[in-house]
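Engineer: Next up is a structure, given as structure tokens.
The values are calculated or read from the model by the stated rules, or taken from the named source; none is laboratory data. In this text, all values refer to a predicted model and were calculated from it rather than measured experimentally. All Cβ positions, glycine included, derive from the backbone under ideal geometry; neighbour counts span all protein chains shown. Side chains included, ligands, DNA and RNA excluded: accessible areas come from the protein's heavy atoms. Shrake-Rupley method; radii C 1.70, N 1.55, O 1.52, S 1.80 Å.
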Amino acid sequence: MDQGTRDEMLGRLAEAVGAVTVAHPMRVAIDGPPAAGKTTLADELAVALREQGRDVIRATIDDFLFPRAQRYPRGEYSAEGCYFDTHNYDALNRVPLGPSGDRRFQHAVYDRTADTALSPPVTTAPADAVLIFDGVFLMRPELIDRWDLRIFVSTALDKTVDRAVIRERRVLTRADVERRWRWRYIPSQQFYFATVRPTDHANIIVHNDEPQQPVWATQTH
């Protein structure tokens, strides 16, 4: 394991991206529990890569949800529903950027604020572009083969509750956050860890309990 400053960690991640050679746009997954720090890390890595002159596409699993009416057939607080019913993997798998050479992509198929499906114009990525994609459950079997570099942001699950309370304080009470995390999000992550073992598939694990003093480990597969 390595330990250093936030900037040192981002520099190592940027080096890892640069070390991957593919003949199509590179696809980087940043996985981890809710409120682990995935989006922040993805945004920071995108900035670092753009500063190196890379063409970066940023996207997130939150823009590939099913509409709300389809997401909760098992109930709003169901952990099984969180894992099985939330994300539109068929749509995500139609955003190729893949080894077939088809560089067409869409950033999103869903507007969470308006709870409506989207159909933005399909655009074409440069062959040397980098897709930085963050979200939960990115190592599951439906998606694992899509990624050229897999990063897992690891944080103690109890710590994510405290972070979520701060993040959601303008829209949810602490009791609401506690219920959502302890009934839905944390059990769904426990199921994910038990069945998929996502850290086994990661190329790099970032231990993010202390974001300004991260610890990271590189794994070979």
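Engineer: With a/c under 1.5 counting as rounded, go ahead and sort region 1-65 into rounded, prolate or oblate using the C-alpha gyration tensor (a ≥ b ≥ c being the square roots of the eigenvalues; past the cut-off, prolate if a/b is larger than b/c, else oblate).
Structural biologist: Here region 1-65 falls in the oblate category.
Engineer: Would you please give the residues with an amide H less than 5 Å from that of His207, counting only those at least 5 places away or on a separate chain, with H modeled from the backbone geometry?
Structural biologist: The list, which skips near neighbours in sequence, is Ser154, Val215, Trp216, Ala217.
Engineer: Let a ≥ b ≥ c be the square roots of the eigenvalues of the Cα gyration tensor of region 150-221; is it rounded (a/c under 1.5), or, if not, prolate (a/b larger than b/c) or oblate?
Structural biologist: oblate
Engineer: Looking only at Cα atoms, what is the convex hull volume of region 69-195 per residue, in Å³?
Structural biologist: 137 Å³
Engineer: Which order do the peptides 197-208, 1-12, 61-72 take when ranked by the mean count of other beta-carbon atoms within 10 Å per residue, highest first?
Structural biologist: Going from most to least packed, we get 197-208, 61-72, 1-12.
Engineer: Quick one: length gained pulling Asp209 to Glu51 fully straight, 0.36 nm per residue minus the C-alpha distance?
Structural biologist: On the way: separation 158, 0.36 × 158 = 56.88 nm, distance 2.67 nm.
54.2 nm is the gain from fully extending Asp209 to Glu51.
Engineer: If you filter region 41-88 for GluC sites (Glu not before Pro), then keep DSSP loop positions with at most 16 other Cβ within 10 Å, what is left?
Structural biologist: Glu76
Engineer: Take every DSSP beta bridge with both residues inside region 149-221 and express the antiparallel ones as a percent of the total, to the nearest 5.
Structural biologist: Bridges in region 149-221 are about 50 percent antiparallel.
Engineer: Restricting to Cα pairs below 8 Å that are 6+ residues apart, what does the relative contact order work out to for the chain? Please round to a whole percent.
Structural biologist: On the way: 390 pairs, mean separation 71.1, N = 221.
Answer for the chain is 32 percent.
Engineer: Simple spin-label model, 7 Å along Cα-to-Cβ: Glu15 to Asp85 in nm?
Structural biologist: In this crude spin-label approximation the distance works out to 4.6 nm.
Engineer: Can you list residues from other chains, or at least 5 along the same chain, whose modelled amide H is less than 5 Å from the amide H of Leu131?
Structural biologist: Hits under the 5 Å cutoff: Met26, Arg27, Val28, Ile57.
Engineer: Let me ask something else about it. Got a number for carbon plus sulfur as a percent of region 101-170's accessible area, 1.4 Å probe?
Structural biologist: Ligands and nucleic acids excluded, carbon and sulfur reach 49 percent.
Engineer: Still on this model: For Thr155, Thr173, Thr218, give me the order by solvent-accessible area with a 1.4 Å probe, most accessible first, ignoring ligands, DNA and RNA.
Structural biologist: Largest accessible area first, the residues go Thr218, Thr173, Thr155.
Engineer: Find the centroid of the Cα atoms in region 63-120 and in region 202-217, then give the distance between the two in whole Å.
Structural biologist: 27 Å
Engineer: Same structure again: Between Trp183 and Thr113, what is the FRET efficiency for a Förster distance of 35 Å, r being their Cβ-Cβ separation, to the nearest 0.05? Before the final figure, lay out the partial values.
Structural biologist: Working: r = 24 Å, r/R0 = 0.69.
So, using R0 = 35 Å, E works out to roughly 0.90.
Engineer: Would you calculate a helix-derived [θ] at 222 nm for the chain, using -39,500 (n - 2.57) for each DSSP H run of n ≥ 4 and dividing by the full residue count, to the nearest 500?
Structural biologist: So the calculated ellipticity at 222 nm is -9500 deg cm²/dmol.
Engineer: Further question: Accessible area per residue, 1.4 Å probe, Å², for the chain: what's the number?
Structural biologist: Accessible surface, normalised per residue, equals 50 Å².
Engineer: Please state the shape class of region 110-179: rounded when a/c is under 1.5, otherwise prolate if a/b exceeds b/c and oblate if not, all from the C-alpha gyration tensor.
Structural biologist: oblate
Engineer: Taking θ as phi - 60°, what are the ³J(HN,Hα) couplings along region 180-186 by the Karplus curve (6.51, -1.76, 1.60), each to the nearest whole Hz, with x for Gly and Pro?
Structural biologist: Along region 180-186, the couplings run 5, 6, 7, 9, 10, 6, 5 Hz.
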